[in-house]
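What follows draws every value from the coordinates through simple rules; no lab data is involved. All values reported here derive from a predicted model rather than from experimental measurement. In this analysis, Cβ positions are derived from the backbone assuming ideal geometry, glycine residues included, and neighbour counts consider all displayed protein chains.
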Amino acid sequence: MVRIDDFFIASNSVSNIPEEEYQKVNVLIDAFEAVSRITYQSLYIIDYSKKNFLYVSNNPMFLCGHTAQEVKELGYMFYLNHIPEQEQTMLTEINAAGFNFYENVPVDEKIKCTISYDFHLVNGRKKMLVNHKLTPVLLTKNGRIWLAACIVSLSTHTAPGHVAIRKTGQTTLWEYSLKNHCWKENEEIILAERGKDILSLSAQGYTMNEIADRLCIALDTIKFHKRKIFDRLQVKNIAEALSFATNYKLL
């Protein structure tokens with residue numbers, strides 16, 4: 001049985017944050033609130049000092065029928081109420097593996113790292129696979145994560161997992177194997193310019209025939225490039241490809 005304390009580890013223990021420091025983060029919360037108004041994605045902020053949620057946006061995807069205030073008050077109990085028990089165990093492993101990874105990252109680079117993974121949210125009989133990204137926002141003087149920003153969007157996969165850490169400005173990523181319980185460095189996915197053109201035009205609603213006309217290439221060439229994109233991103237259709245490319249900033 002997973003407990004709330006299982007989501008926190010000693011190596012990132014944060015305490016004694018003065019109340020005046022919390023007054024300073026109101027500007028940060030206001031910024032998150034503004035961003036939440038222009039995206040369908042759900043945003044929230046984890047406070048590793050008070051072990052709760054500092055902010056939760058009103059966007060309904062993450063709320064599972066609750067209000068944002070209710071989710072904020074539930075804090076990590078929300079996870080225990082709305083994530084399948086088996087995946088709760090997965091999340092605690094990812095959490096520990098992520099913090100162990102961060103311990104080996106220089107303090108000035110921690111803020112550049114983002115960890116991403118997929119899990120199900122359960123609301124009554126409804127079950128939705130989401131992608132969850134977490135990145136540090138404020139660190140303590142000794143480099144521990146005090147506040148972390150989280151963004152929740154629809155997953156492009158069909159099963160939970162798919163754990164990866166990306167660092168801004170690097171063309172490599174680190175993928176975590178839930179089977180072997182270890183990190184492995186891999187090359188980041190990079191789309192060719194032709195693939196980006198096809199995805200961008202698809203996002204604008206153009207058909208394959210229309211894309212072929214605009215790019216002055218044969219329809220069969222468009223089909224060839226689309227198959228390459230699907231294989232590269234490990235998706236089944238153009239909607240999943242667009243979601244993946246958007247989620248991971250490939251366009």
Can you tell which of C64, C113, C182 shows the greatest fluctuation in a Gaussian network model of the chain with Cα springs below 10 Å? C182
Which of the residue pairs K196/K223; K50/K167; K110/K133 have a Cα-Cα distance greater than 24 Å in the structure shown? K50/K167
Around V2: net Lys/Arg minus Asp/Glu count, Cβ-Cβ under 13 Å: -4
Restricting the calculation to Cα positions, tell me the Rg (one decimal) and the Dmax (whole number) of region 15-108 in Å. 15.0, 40
Spatially proximal aspartates and glutamates relative to K179 (Cα-Cα < 16 Å; intrachain offsets below 8 disregarded): E87, E93, D118
Candidate cut points under trypsin sites (Lys or Arg not before Pro) in region 149-251, DSSP loop plus at most 10 other Cβ atoms within 10 Å of their own Cβ, are K179, K249
Name the residue from N186, N81, F224 whose Cα lies farthest towards the positive end of the charge dipole of the chain, charges +1 on Cβ of Lys and Arg and -1 on Cβ of Asp and Glu. F224
Taking the chain, the whole-percent share of alpha-carbon pairs separated by over 33 angstrom is 25 percent
Dividing the Cα convex hull volume of region 193-247 by residue count, how many Å³ per residue is that? 69 Å³
